[in-house]
Every structure is written in structure tokens, then in C-alpha cells.
1. Among the residues in segment 102-114, are any more than 18 Å from Arg87 (Cα to Cα) and of a type in the set (Val, Ile, Thr)?
2. Considering only segment 162-195, how many residues are more than 17 Å from the chain's Cα centre (by Cα) and among the aromatic types (Phe, Trp, Tyr)?
3. I need every pair where a residue in segment 143-168 that is within 12 Å of Pro116 (Cα to Cα) and more than 12 Å from the ligand (Cβ to nearest atom) has its Cβ under 9 Å from the Cβ of a residue that is assigned to a loop (DSSP other than H, G, I, E, B) and of a type in the set (S, T, N, Q), sequence separation at least 6 or different chains.
4. Considering only segment 117-148, state which residues are under 10 Å from the mean Cα position of the chain (by Cα) and within 21 Å of Pro185 (Cα to Cα).
5. Which ones in segment 8-22 are in a helix (DSSP H, G or I) and in contact (Cβ under 8 Å) with a residue 12 or more places away in the chain?
6. If Ala118 satisfies all but one of (1) under 17 Å from His42 (Cβ atoms); (2) exposed (fewer than 15 other Cβ atoms within 10 Å of the Cβ); (3) within 14 Å of the ligand (Cβ to nearest atom), what's the number of the condition it fails?
7. Specify the residue that is nearest to Asp130 (Cα to Cα); the eligible residues are those in segment 46-72 that are assigned to a helix (DSSP H, G or I) and out of contact with any helix residue (DSSP H, G or I) (no Cβ under 7 Å at 6 or more places or on another chain).
8. So which of Glu90, Glu70 is away from the ligand (no atom under 16 Å from the Cβ) and either in contact (Cβ under 8 Å) with a residue 60 or more places away in the chain or not charged (D, E, K, R) (or both)?
Amino acid sequence: MAGFRALAREVRNPRNSTALRRTSLRKCLERFAPYGHRATWHHLCARAGLAPDDRGPDPARLIIALEELEEARAVWLAYEAEFAERRRREKHDGIRQPSAIDEWHRRTWGGCDIVPCATPLHHPTARLADVLRRMITAMESGPGDDCPICSQGPIEWRDDLERYPLSGPVCATCGVVVPLSVLTPEALSMARRPRFERRYAGV
Ligand SMILES: [Zn+2]
């Protein structure tokens, strides 16, 4: 099975058919898809001006989409390397990590569903690398009251998510499923309240 970089070369190769270049880009998402496969594809298409179902797109737009994905992957790989090194040092010194960040890393190792979205069509509009940086900062700095990606919210508890996690707090503005560990207990209990109660609470 080809790795991400080999697939990226196929996307760039002008001797390949446009269809093969597009297929190679989609296969890159099997290796790295921060929002999950479908949501990441939809995001890249929207930002690069590609129609998601167009089998013969402009190759220049495929490259724009690939570059955005590569930039985000570089951010993530640098963080994984830094995290692994920190864990190694802490293990050596006999220090244990807090479990929340460990759990996030177990789930996202390899780069899929780092920032899962509740539905494939609703995801942050910012550049993928910026969104990853914001999530990494939130994980590193501990719980807050707002959405770690857009700071707008409101955050609403949902029990009807299509894939893992099947329930959780979702930002109504940018569509991400917010990891429990980046929200304060107050923000979580507000998210669990019915919508009309939150309105009266001034949120
Ligand atoms: Zn948000």
C-alpha cells in the first residue's frame, strides 16, 4: 500500500491522467484526514474550488488542495514527534501524563479524526493547518469555556452523531465535536442543557 508521500507524487505527476491524480489525492485522505475522510475531502474541495464529484477537475486545483493537506500534515507530524519525545523524557523521569491528552493521542495517532466533525458538510472554514494548531494549543493548555476552534459556539450536546464519538459536545458554528477534556465542567453542563434553558441563561 502506497504511503502518503508516494501518493502525493502521483497527484503532482503531469504524465498521469487527471482521474488518476484525483484518485491519488483521495487516497491521501486514507492516510491523513483530520476531520475524517468525507469531511476533509469536502473541506479541501471547498477551499480549492473543486466540485466534490467532478471526475475531471482542473489539475492546478488538485495541487492547491494537496498543498493545504500537506501543510496540515506537517503541523501534525511535528506535534506527534514532539509529543513522543516529551513522553519518552517523562517516562525516563518517572512522570505520568494526564490521561485526557493520552486518550486523544491514542485515538488520533496516524492523523485521522484529529478534529472530528459532526457531519461531513459542516466543518471549520479556516485553513486546515490553522485548525490543527488551535486544537493542539487547546489540548496543551487545558479546559476552557468556548469552542477551541472558532471561539463562537454555542456548544450543544448531541447523541445522534454518525460515527465515533457517537455522542458529545458539538460547536453549532463550526461543526466540530469538541473533545471533553478541552471544556470546563461549567461549559459541559451548559452544553447539556436544553436549548431554551441556555437562551434564558444568556448564552
Ligand atoms: Zn466552533
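1. Yes, because at least one residue in segment 102-114 is more than 18 Å from Arg87 (Cα to Cα) and of a type in the set (Val, Ile, Thr).
2. Residues meeting the conditions: 0.
3. Hits for this filter: Leu161/Ser167.
4. Of everything in segment 117-148, just one residue is under 10 Å from the mean Cα position of the chain (by Cα) and within 21 Å of Pro185 (Cα to Cα), namely Met135.
5. To start, the set of residues in segment 8-22 that are in a helix (DSSP H, G or I) comprises 8-12, 18-22.
Hits for segment 8-22 are Ala8, Glu10, Val11, Arg12, Thr18, Ala19, Arg21, Arg22.
6. The number of the failed condition is (2).
7. In the first step, residues of segment 46-72 are kept if they are assigned to a helix (DSSP H, G or I); the result is 46-48, 59-72.
Now narrow it down to the ones that are out of contact with any helix residue (DSSP H, G or I) (no Cβ under 7 Å at 6 or more places or on another chain): 46, 60, 67.
Working: Ala46: 16, Ala60: 22, Glu67: 14 Å.
Here the residue is Glu67.
8. Numbers: Glu90 fails: either in contact (Cβ under 8 Å) with a residue 60 or more places away in the chain or not charged (D, E, K, R) (or both).
Going through Glu90, Glu70 in turn, the sole match is Glu70.
The values are calculated or read from the model by the stated rules, or taken from the named source; none is laboratory data. Just so it is clear, the structure is predicted and the values come from calculations on it, not from any experiment. Using ideal geometry, Cβ is built from the backbone for each residue, glycine included, and neighbour counts are taken over all protein chains shown.
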